[in-house]
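Structure first, then comments.
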Amino acid sequence: MTVQPNSIEARDAAYQLHSYTNARKMEAEGSLIIEQGDGVYVTDNTGKKYIEGMSGLWSVAVGFGEDRLVKAATEQMAKLPYYHTFAQRGHTPAVELSEKLIQMAPVPMSKVYFTNSGSEANDTVVKLLWYRSNALGKPEKKKIISRIKGYHGITVASGSLTGLPYNHMSFDLPIPQVLHAGCPHYGGFAQDGESEADFVARLARELDEMIQAEGPDTIAAFIGEPVMGAGGVIVPPEGYWKAIQDVLKKYDILLVADEVICGFGRTGKMFGSETMGIEPDIMVMSKQLSSSYIPFSAVMMNDRVYQPIADETNRIGTFGHGFTGSGHPVGAAVSLENLKIIEERDLVGNVARLSPLFLERLNALAGHDLAKEARGIGLIGALELKQQGDAAGTAGAAMSAACLERGLIVRNLGDTVALCPPMIINEDQVKEMFDIYAAALDSLSF
Ligand code: PLP
């Protein structure tokens, strides 16, 4: 790509520092400018159309250009564009959304706390856990166990929970209260000759040993995505979550399910916790909650979490936490309408119906010369490519570029190339997506 002087691409490179981007490469090459979206497709500033195979960032569940969400936002803007939820104030959209989420929860939940991004939500979780431990008179109970390759965001606390090198390197993370347990990727971390059941048993044993070594009374919680997303679409083996939960129960350690990607249908059930048999104390939601039409996120907690926190606010006189945008009325109104669309159009059912085709087409590529492993569940999947020599990520980046050239947007996480299309996708579009994906794979030569 050559950047024309004064073009939108040149101005982008001139004035913006971009996330997950090599800034020097961007200065030389510019960026891809997306102008418009409709259904599962987006169009760039040259008029070229792409299937958005990643729903943006795993998030545009109802597809692009959904008029009902536009209407919900504009109506709310006209009525009450902003109000806050500080100091015993409220507004109807946040009340209705919190009520709706508690009703939808797969396990009994008590309260919702609203935030604006997945990172903010997980940052809030860390603070809630610390506040609760202090409320219980257990000031030493502050450590949180996350996992290698887990992704929970990028703030100081949530970036520490994340278990990926790029999110720590040169940022002086992780903070000392965060520990990282083993990653449940059998294909990546199993020892020679280890069966899946033995692998699961070892991960549970290692978690138990970590808790013992640290001191069970120092551990506040374990956090995990039901299915890991940004770490490379890692579907844990059968029995993994049961084995992990057995260990946590033994030591009375809370469980946080980060449903930011899995939530609202992605895995074929409303929540990843249902698909994986997880009974969380806290659930973190964002992305498909508002289909990312507007930044919005939520933390849902049960009474074990809420009651001591409520007592502590009473002792101190207030809950000293809150974002100006917490429970923003426009975000809440859009989220409510988005959930209505997901339910009315049975988009969770659509994921479950299309998943066999999606996985069949994905798994068919596992035998390709360049492929190492195919992984997926529901409508989220990835093909991990073989690393080319010492250059980790080269194969993934080439695949991503080959897909883009052919009109498909995917995301390469190193050499793993992910797919996570809008949940409104239909059978023909799944086929179209994989036809392009397969042609792109065939076009690669190293
Ligand atoms: N948690 C998970 C599971 C995520 O996938 C992400 C983002 O990809 C986050 C948290 C962070 O969300 P945000 O980018 O909105 O801060």
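The values are calculated or read from the model by the stated rules, or taken from the named source; none is laboratory data. Everything numeric here is computed off the predicted structure, so don't read it as measured data. Here the Cβ is made from the backbone with ideal geometry for all residues, glycine too, and neighbour counts use every protein chain on show.
Among the residues of the range 292-305, write down those that are crowded, with 21+ Cβ neighbours inside 10 Å and out of contact with any Gly (no Cβ under 8 Å at 6 or more places or on another chain).
Across the range 292-305, the qualifying residues are Y293, A298, V299, M300, M301, V305.
Just checking, which of G39, G47, G30 is at pLDDT 95 or above and surrounded by 12 or more Cβ atoms within 10 Å (Cβ to Cβ)?
The match here is G39.
Taking the range 111-145 on its own, how many of its residues are touching a strand residue (DSSP E or B) at 6+ places or on another chain (Cβ under 6 Å) and small (G, A, S)?
4
When you look at S292, is it closer than 29 Å to N45 by Cα, within 16 Å of the ligand (Cβ to nearest atom) and small (G, A, S), yes or no?
Taking the combined requirement at face value, the residue satisfies it.
Report, by residue number, each residue of the range 273-289 that is within 14 Å of the ligand (Cβ to nearest atom), among the small types (G, A, S) and more than 18 Å from S335 (Cα to Cα).
The answer is S273, and nothing else.
State all residues of the range 21-68 that are on the phi < 0 side of the Ramachandran plot and among the polar types (S, T, N, Q); if no residue qualifies, say none.
T21, N22, S31, Q36, T43, N45, T46, S59
Conditions first: (1) over 18 Å from the mean Cα position of the chain (by Cα); (2) assigned to a strand (DSSP E or B). A213 passes all but one, so which condition is the exception?
Here A213 clears every test but (2).
Provide a single number: the residues in the range 295-313 that are within 13 Å of the ligand (Cβ to nearest atom) and more than 16 Å from the chain's Cα centre (by Cα).
0
With (1) under 30 Å from M77 (Cβ atoms); (2) surrounded by 20 or more Cβ atoms within 10 Å (Cβ to Cβ) as the list, and T275 as the residue in question, which single condition is left unmet?
Going through the list (1) under 30 Å from M77 (Cβ atoms); (2) surrounded by 20 or more Cβ atoms within 10 Å (Cβ to Cβ), T275 breaks only (1).
Quick one: is R132 surrounded by fewer than 18 Cβ atoms within 10 Å (Cβ to Cβ), in contact with an Asp or Glu (Cβ under 9 Å, 6 or more places away or on another chain) and touching a residue at least 40 places away in the same chain (Cβ under 8 Å)?
Taking the combined requirement at face value, the residue does not satisfy it.
From the list S273, S291, pick out the single residue that is assigned to a loop (DSSP other than H, G, I, E, B) and more than 17 Å from H185 (Cα to Cα).
Sole residue among the options that is assigned to a loop (DSSP other than H, G, I, E, B) and more than 17 Å from H185 (Cα to Cα): S291.
Filter the range 115-139 down to residues that are among the hydroxyl-bearing types (S, T, Y) and within 15 Å of the ligand (Cβ to nearest atom) and give me whichever is nearest to Q288 (Cα to Cα).
S117
Taking P226 as meeting all but one of (1) under 24 Å from R205 (Cβ atoms); (2) away from the ligand (no atom under 16 Å from the Cβ); (3) assigned to a loop (DSSP other than H, G, I, E, B); (4) not aliphatic (A, V, I, L, M), write down the number of the exception.
The one condition P226 does not meet is (2).
If you go through the range 108-152 one residue at a time, how many are outside any helix (DSSP H, G or I), under 20 Å from the mean Cα position of the chain (by Cα) and not aromatic (F, W, Y)?
Of the residues in that region, 12 qualify.
Could you please give the count of residues in the range 255-272 that are buried (at least 24 other Cβ atoms within 10 Å of the Cβ) and either away from the ligand (no atom under 12 Å from the Cβ) or farther than 24 Å from S326 by Cβ (or both)?
6
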